Amino acid sequence: MMTPAVLAQTPAAISAQVLTPERVFADPDINGAKAVGAKLSPDGTLLTFLKPKAKDARIQDLWAVDTKGGEPFLLIDADSLSSADKELSEAEKARRERMRVSARGVVDYNWSGDSKAILVPLDGDIYLIERATKAVKRITATEGDEVDAKLSPSGDAVAYVRDQTLYIRDFKTDQETAVSPQGADLIAYGTAEFIAQEELDRHSGFWWNPKGGQIAYQKTDEAGVKIAERIEIGGEEVKVVHQRYPFAGTPNAVVELFIKNLTGGEPVKLDLGGGDFYLARVNWASDGKALYVQKLSRDQKRLDLLKFDPATGAATTVLTDTSDTWVELHNDFKLLSDGTFIWSSERDGNKHFYFYGSDGKLIRQVTQGDWAVDKLSDLNDKTGELFFEASITTPIEHGLYKVSYTTPGEPVALTKAGGWWTTTVSGGGKAFIGNYSDPVTPPQTALYDGTGKRVRWIEENALDAQHPYFAFKDSFTAPEFGTILSADGQTLHWSMLKPVGFDPAKKYPVIVSIYGGPASATVKKNWVSPATRLFQKSGYIVFSLDNRGTPGRSVKFGRAIYKQFGGPDINDQVAGANWLKTLPYVDGDKIGMMGWSQGGFVTLMALTVKDTPFAAGAAGAPPTEWSLYDTAYTERYMSTPQDNKEGYAASDVLNRLDNLQPGALLLMHGMADDNVQLSNTTRVMLELQKRGVPFELMLYPGERHGVRGNEKNLQRYRLYLDFFGRKLKGEG
């Protein structure tokens with residue numbers, strides 16, 4: 001006899017279900033189980049990963065599984081150590097915001113070099129798991145939060161930052177020692193400054209010498225950074241925050257770099273040279289005898305690779321990359337045992353790898369072709385192989401490849417085509433953890449050997465009858481993909497989802513879902529978010545187009561937007577909408593757009609084009625005047641307000657509001673946003689009010705640059721459906 005729980009999963013019951021916003025934004029996660037941050041132990045025998053709780057996907061536990069077989073087992077139950085009432089420090093909140101970490105519980109961890117222990121930062125304290133016994137030992141229990149904890153190379157100590165000061169704690173003596181001077185007020189040691197975390201993809205401010213005995217650390221002085229007085233409005237409280245925010249064209253924090261011998265003595269200050277610059281990357285040589293620093297000029301047109309003598313702080317320049325627009329930062333600098341190294345550059349018109357001698361002289365170009373590498377994953381200096389991710393055959397697929405860096409040859413694919421892979425490669429290419437999805441396959445994670453053969457699942461997430469999405473999988477068609485040409489003849493990729501019950505004889509409204517900026521492409525052959533499927537179910541065509549300026553393409557494609565945000569990018573979106581109008585099943589008068597962050601900017605700019613083809617738009621957290629955004633991001637693409645007055649004026653939404661149709665705009669913003677500050681939205685609100693132009697508004701108390709949690713996102717998508725239902729379908 002079937003129990004009620006079993007009856008609920010019978011085929012008849014499953015087929016009767018309809019996808020709703022209430023189910024999309026509920027637990028268990030409708031996308032299925034997932035493994036986050038999977039890592040292979042250094043000895044290659046144990047896999048560890050973070051797994052969201054089925055009852056609350058916002059909380060993560062630490063799990064492990066043997067590489068040879070067996071079932072996964074729980075290492076740390078976050079509920080046993082964590083508390084939802086724990087109030088994190090502002091430093092930790094800001095760091096998590098910069099890293100886009102929204103989960104609680106275990107959000108990070110690191111293996112010891114000998115594979116005998118795992119370091120786990122949790123809610124501002126540090127824990128150590130002994131692998132052999134699975135015993136969990138609490139390392140710190142202080143009032144302040146320990147941030148960015150890292151094990152020493154020998155695993156006998158841990159370094160971390162607390163209250164703007166860098167410390168180490170010796171496990172044998174349980175003694176804590178300050179490595180840096182005491183930080184206070186506007187001086188901090190050992191942490192990456194705001195701009196490095198937010199825009200340079202550098203989230204740490206100290207680095208262990210791989211041979212131990214030394215730590216390199218940065219000193220940050222924010223005295224010259226402009227104060228942004230902003231109000232963080234929560235549900236029941238209001239806080240005035242005096243944030244040091246480097247607005248475009250204004251001073252950055254001053255950064256210095258030191259090396260400290262842990263046996264004693266004064267720290268050695270490294271000679272970074274003069275001028276206005278960014279400390280972009282820091283890497284120790286594997287023998288610990290040199291420290292390499294990437295120094296990026298303030299205008300981001302020059303990137304120097306410097307080699308420092310730890311004893312004297314003196315530097316030599318190993319190589320320099322330059323550009324007449326900007327030099328793209330990367331994490332592709334990899335040193336070999338003999339001092340030669342791999343480097344990536346866009347100098348031939350696409351990002352490719354180059355092999356250099358220890359003296360900085362080019363030995364050979366490793367990859368070439370009319371495609372761009374994405375990232376260097378690993379290398380093997382015994383076999384001369386380099387492992388990397390790229391989109392070689394098409395920008396909408398992504399995979400792992402290997403190639404020889406010593407002899408000419410074509411890249412060899414290690415992952416199957418047809419979808420989107422991200423990988424973590426270990427042991428010089430002996431194994432990799434692969435994360436894969438495609439439009440009909442939800443995210444899966446597995447361990448693979450060096451040939452690409454699957455060794456074992458970490459999280460199969462099979463779309464079977466037990467999967468939360470199984471009941472809806474046959475309700476929706478897969479996306480279609482295609483291309484159109486930009487005004488200058490470049491290929492623009494698009495994707496299209498047709499509504500449930502599509503009839504080519506009918507005409508349908510369209511929602512263009514967009515990001516449109518240099519930080520992310522939208523058109524990919526990956527898993528389609530069930531939230532996006534809600535629009536299909538509601539009778540919309542969902543369309544996305546990657547305009548010029550989006551990443552992963554040629555220099556010509558990416559640099560088209562230089563000094564002119566709101567120019568070629570918006571022209572391409574308009575071209576996409578005009579192409580949609582030629583399709584017999586599209587209602588050309590009912591095309592809307594939605595986007596968040598830069599996607600919000602693109603939405604606003606598209607709505608305010610003269611004779612715009614867009615009837616309505618929902619713009620979330622939009623930058624509306626680029627001098628209100630930060631230095632590194634804005635100046636990379638737009639130069640400074642002082643040197644590009646016309647470009648800044650042309651991209652200011654306020655200068656285009658004459659073209660906005662009354663009632664066509666929904667503005668959305670978090671009321672504690674420390675990235676795209678709320679003033680970007682309030683200035684548009686005020687101007688529209690002055691003009692008497694009606695618009696719609698939704699503000700999110702307590703939210704920063706994103707909207708987090710099922711409850712608020714349920715409200716947000718109900719709002720989207722209501723807004724576009726009224727504006728594009730005449731409902732309500």
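Within the stretch 684-698, if we keep just the residues that are touching a Leu at 6+ places or on another chain (Cβ under 8 Å) and aliphatic (A, V, I, L, M), the residue that is surrounded by the most Cβ atoms within 10 Å (Cβ to Cβ) turns out to be Val684.
In the stretch 649-663, which residues are in a loop (DSSP other than H, G, I, E, B) and more than 17 Å from Ala621 (Cα to Cα)?
Leu660, Gln661, Pro662, Gly663
Screening the stretch 178-198 for residues that are without any contact (Cβ under 8 Å) to a residue 24 or more places away in the chain and not in a loop (DSSP other than H, G, I, E, B) and picking the one that is nearest to Leu296 (Cα to Cα) gives Ala184. The stretch 447-552 holds strands (runs of 3 or more DSSP E) entirely within its bounds, and those carrying 2 or more residues that are of a type in the set (S, T, N, Q) map to 491-497.
Among the strands (runs of 3 or more DSSP E) confined to the stretch 123-176, the ones with at least 2 residues that are touching a Phe, Trp or Tyr at 6+ places or on another chain (Cβ under 9 Å), surrounded by 18 or more Cβ atoms within 10 Å (Cβ to Cβ) and not assigned by TED's automatic domain parsing to the domain that holds Thr191 are located at 125-130, 147-151, 157-162, 165-170. Counting only helices (runs of 4 or more DSSP H) wholly contained in the stretch 1-103, the ones carrying 2 or more residues that are touching a Phe, Trp or Tyr at 6+ places or on another chain (Cβ under 9 Å) and either modelled with pLDDT of 70 or more or surrounded by fewer than 18 Cβ atoms within 10 Å (Cβ to Cβ) (or both) occupy 21-24.
Restricting to the stretch 199-258, and then to whatever is in a strand (DSSP E or B) and of a type in the set (Lys, Arg), can you tell me which residue is surrounded by the most Cβ atoms within 10 Å (Cβ to Cβ)? Checking each candidate, the answer is Lys219.
Which ones in the stretch 561-617 are hydrophobic (A, V, I, L, M, F, W, C) and within 26 Å of the chain's Cα centre (by Cα)? Result: Ile561, Phe565, Ile570, Met593, Met594, Trp596, Phe601, Val602, Leu604, Met605, Ala606. Just one of (1) out of contact with any strand residue (DSSP E or B) (no Cβ under 6 Å at 6 or more places or on another chain); (2) within 15 Å of Asp569 (Cα to Cα); (3) not in a helix (DSSP H, G or I) fails for Thr640. It is (2).
The values are calculated or read from the model by the stated rules, or taken from the named source; none is laboratory data. This is a predicted model, so every value here is computed, not measured. All Cβ positions, glycine included, derive from the backbone under ideal geometry; neighbour counts span all protein chains shown.
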